[in-house]
Amino acid sequence: MNDEQQKYHSLLVIDDHNMVINGIKLLVGDEFRDFYFANTGAAGIDLALKHQPQLVIIDNVLPDMPGDAVTKEIRYRCPASRILGYSFNSNAASVLKMFEAGTHGYVVKSEDDGEFHKAVTYLLQGKDYFCKEARNHIINRISFGEDQVRLMVANTGFSAKEIEIIRLVCQQKTAREISRQVFLSERTVEQYRSNINKRIGSRNIAGIIKFALRYGIIDLEDL
């Protein structure tokens, strides 16, 4: 971006490999006014508290503490920060730990630059973004079990986070209860719900339940 005013305000990268940090800086650093980095989880948390970065990119494996622990701490203490997790491989356990800790997105380092840049763009737009491999692990973890549901996810473009919120809404959880389970603010949960209603074409919970039952997101015994 050439116009300084159009730049995002800050990016924090937490990774113990300076070569990776430099690569990220070359790829997306020009889009931010300020660029910070840390080689350990503890140092990354300190920088996050000090600067409240708009975006935090966290390696799943750090020398002093796991990436999911760093994610949880930053999510709790820097609620406005968007968090992108990543790793060298698509190990299911690694992806799921980061997802459950509250990352807004996840990419595998083997993905190309375009995929990484797309993830950064989505997160800065307030959306979630998980690469295909990470998304598959998350869908399996949620355990819908039927091919029809996986097809629904692919066709509608609902993210794993949106699917999780649909299930919780169907269980008549309040926005506060849902926010605690999915690591989002109540306002963000309400926005998710509003967007879900619009995309489904529903005006109330009955419409959401009908949709969820039709595609196997929930079973009758879940209600």
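The values are calculated or read from the model by the stated rules, or taken from the named source; none is laboratory data. Just so we're clear, the structure is a prediction, and the values are computed from it rather than from any experiment. Here Cβ is always computed from backbone atoms with ideal geometry, including for glycine, and neighbour counts include all displayed protein chains.
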Fill in: Yes/no for Phe99 being surrounded by 15 or more Cβ atoms within 10 Å (Cβ to Cβ), within 29 Å of Arg199 (Cβ to Cβ), at pLDDT 90 or above and among the aromatic types (Phe, Trp, Tyr)
no
Worksheet item: In region 1-108, which helices (runs of 4 or more DSSP H) lie fully inside it and hold 3 or more residues that are touching a helix residue (DSSP H, G or I) at 6+ places or on another chain (Cβ under 7 Å)?
Response: 41-51, 67-77, 92-101
Worksheet item: Given the structure, is Thr71 polar (S, T, N, Q), within 15 Å of Leu184 (Cα to Cα) and either modelled with pLDDT of 85 or more or out of contact with any Gly (no Cβ under 6 Å at 6 or more places or on another chain) (or both)?
Response: yes
Discussion item. Going by what's in this entry, would Leu27 be described as surrounded by fewer than 17 Cβ atoms within 10 Å (Cβ to Cβ), closer than 20 Å to His104 by Cβ and at pLDDT 95 or above?
Written reply: no
Item to complete: Would you mind stating whether Lys198 is surrounded by fewer than 12 Cβ atoms within 10 Å (Cβ to Cβ), farther than 28 Å from Ala93 by Cα, of a type in the set (Lys, Arg) and modelled with pLDDT of 80 or more?
Response: yes
Response to the item:
The correct count of residues that are in contact with a Phe, Trp or Tyr (Cβ under 9 Å, 6 or more places away or on another chain), exposed (fewer than 14 other Cβ atoms within 10 Å of the Cβ) and within 28 Å of Gln191 (Cβ to Cβ) in region 107-129 is 1
Worksheet item: Of Asp59, Asp16, which residue is assigned by TED's automatic domain parsing to the domain that holds His117 and more than 18 Å from the chain's Cα centre (by Cα)?
Response: Asp16
Discussion item. Considering only region 39-53, I want to know if a residue exists there that is among the basic types (Lys, Arg), more than 20 Å from Lys118 (Cβ to Cβ) and at pLDDT below 95.
Written reply: no
